[in-house]
Amino acid sequence: MATEIEEVAYQFGLREPIRVSLLSSGLIHQTYRVEDANQRTIVLQAINQNVFKEPLKIIQNYQVVYKHLAATNALQIPAAQNTLKGESQWIDASGNFWRATTFISNAYTEELPITVDKAYQAAKSFASLTRALITLAPQQLQIVIPDFHNLKYRFHQLEKAVTEATPIRLKKSSPLLNGLLTRKNYVDFYEYAINDPSFPQRIMHHDCKLSNILFNKYTQEAICPIDLDTLMPGYFFSDIGDMIRSMTPTVNEGVVATEQNMQVRKDIYEALLAGYTEGMGDELTNNEKANLPLAGHIMTYMQALRFLTDYLNNDCYYQTSYAEQNYDRALNQLFLLQKLEVLHSV
């Protein structure tokens, strides 16, 4: 693999690369840090074409965003690197689609569990990205994953899966399914929100994990969000909602949960809301501010729909390590949703 990475690095202008290290083997892309004999360092990434069917759209969106941020001096993100031929991507002999960016030194990424300070900084950083792009029309970015956070579409996917599911899986899912179907009010709110001008469409990150924030090794402060592949037009609930969903629970989505061990960390919850509000400044409308806590409900509900849909579809989307894993994931999210509902009602 090192030889292959060196060939890719050569295409992006490095000479005799002497050090290759895996930055992330994530669920989507494989990402590498490569440094050559002249100490030039870049980040190489092979785009997962099973998830992103049109990888060039990702690169084009990144170029639009980088140019806008550079012109406004609002936020720094890693600069894209061109190949020796001046192209923004390189396709190897196996058809892999590669891109490169500059490497930001003295930076690192955090993993869960999270501290209150890091929660605040992460939320503020994701919000600052959206705020910095307020003057960039959302329509200038291409849709890389259609209907990604379309709650109505996700609900209809579940309804369709129910009609096609095997009797065994459908029977097992019955209580969980009822718990989700009786919460269709979230779909109703989603339809109301996207048609109300007080919930404006903005450019959102759409994948607000803690590991998608770069922190400074020395100051411990957030530098910028990374992994901007899903940067697309969206609505207020996507980013803060996904942070609440992924950062506040005491049991993460990959662990079998019970009603007892699934709790919401209120200190993290409050830090996320405070950081996001600070990062957005005066850009949030009164209606958005009033419904920020509901964002966590929406995104948790959406993820529960997606996990259960995949379970009823015999696990054709998410990777699983055992037969009932998607069912357990969906139940995990329902427990979290119930705890968020209780917290919001207090």
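The values are calculated or read from the model by the stated rules, or taken from the named source; none is laboratory data. Predicted model, so just to flag it, every value in this text is computed and none were measured. Here the Cβ positions follow ideal geometry from the backbone for every residue, glycine too, while neighbour counts run over all protein chains shown.
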Next item on the list: State all residues of the stretch 123-159 that are among the basic types (Lys, Arg) and without any contact (Cβ under 8 Å) to a residue 60 or more places away in the chain; if no residue qualifies, say none.
Entry: LYS152
Check: Does ASN50 satisfy being out of contact with any Lys or Arg (no Cβ under 8 Å at 6 or more places or on another chain) and at positive phi?
Finding: no
Check: Is it the case that ASP242 is of a type in the set (D, E, K, R) and either in a loop (DSSP other than H, G, I, E, B) or on the phi > 0 side of the Ramachandran plot (or both)?
Finding: no
Margin query: Go through (1) crowded, with 16+ Cβ neighbours inside 10 Å; (2) outside any helix (DSSP H, G or I) for ASP147 and report which single condition fails.
Written below: (1)
Check: In the stretch 318-336, which residues are touching a Lys or Arg at 6+ places or on another chain (Cβ under 8 Å) and among the hydroxyl-bearing types (Ser, Thr, Tyr)?
Finding: TYR318, TYR327
Next item on the list: Scan (1) assigned to a loop (DSSP other than H, G, I, E, B); (2) closer than 24 Å to ILE47 by Cα; (3) not assigned by TED's automatic domain parsing to the domain that holds ASN50 for the single condition LEU136 breaks and write down its number.
Entry: (2)
Item checked: Matching residues in the stretch 88-122 - criterion: being within 24 Å of VAL255 (Cβ to Cβ) and either basic (Lys, Arg) or in contact with a strand residue (DSSP E or B) (Cβ under 7 Å, 6 or more places away or on another chain) (or both) -> THR109, GLU110, LYS118, ALA122
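Here is a yes/no grid of residues against (1) closer than 19 Å to ASP207 by Cα; (2) surrounded by fewer than 18 Cβ atoms within 10 Å (Cβ to Cβ); (3) touching a Leu at 6+ places or on another chain (Cβ under 7 Å):
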residue: ALA46; (1), (2), (3): yes, no, no
residue: ASN61; (1), (2), (3): yes, no, yes
residue: ALA70; (1), (2), (3): no, yes, no
residue: TRP90; (1), (2), (3): no, no, no
residue: GLY95; (1), (2), (3): no, yes, no
Margin query: Take ASN212 and tell me if it is under 28 Å from ARG131 (Cβ atoms) and of a type in the set (S, T, N, Q).
Written below: yes
Margin query: Just the residues that are farther than 25 Å from TYR235 by Cα and either crowded, with 22+ Cβ neighbours inside 10 Å or polar (S, T, N, Q) (or both), please, taken from the stretch 115-144.
Written below: THR115
Margin query: Given the criterion within 24 Å of SER128 (Cβ to Cβ) and of a type outside the set (D, E, K, R), identify the matching residue among LEU312, LEU343, LEU272.
Written below: LEU272
Next item on the list: Please find, among LEU180, LEU214, the residue that is touching a residue at least 12 places away in the same chain (Cβ under 8 Å) and either assigned to a helix (DSSP H, G or I) or over 19 Å from TYR276 (Cβ atoms) (or both).
Entry: LEU180
Check: Taking the stretch 217-231, which residues are in contact with a Phe, Trp or Tyr (Cβ under 7 Å, 6 or more places away or on another chain) and assigned to a strand (DSSP E or B)?
Finding: ALA222, ILE223, PRO225
Next item on the list: Hey, can you tell me all the residues within the stretch 102-134 that are modelled with pLDDT under 95 and among the polar types (S, T, N, Q)?
Entry: THR102, SER105, ASN106, THR109
Check: Taking only pairs six or more apart or across chains, which ones have beta-carbon atoms under 9 Å, a first residue in the stretch 270-296 that is under 16 Å from VAL116 (Cβ atoms), and a second residue that is surrounded by fewer than 14 Cβ atoms within 10 Å (Cβ to Cβ) and of a type in the set (Lys, Arg)?
Finding: THR277/LYS289
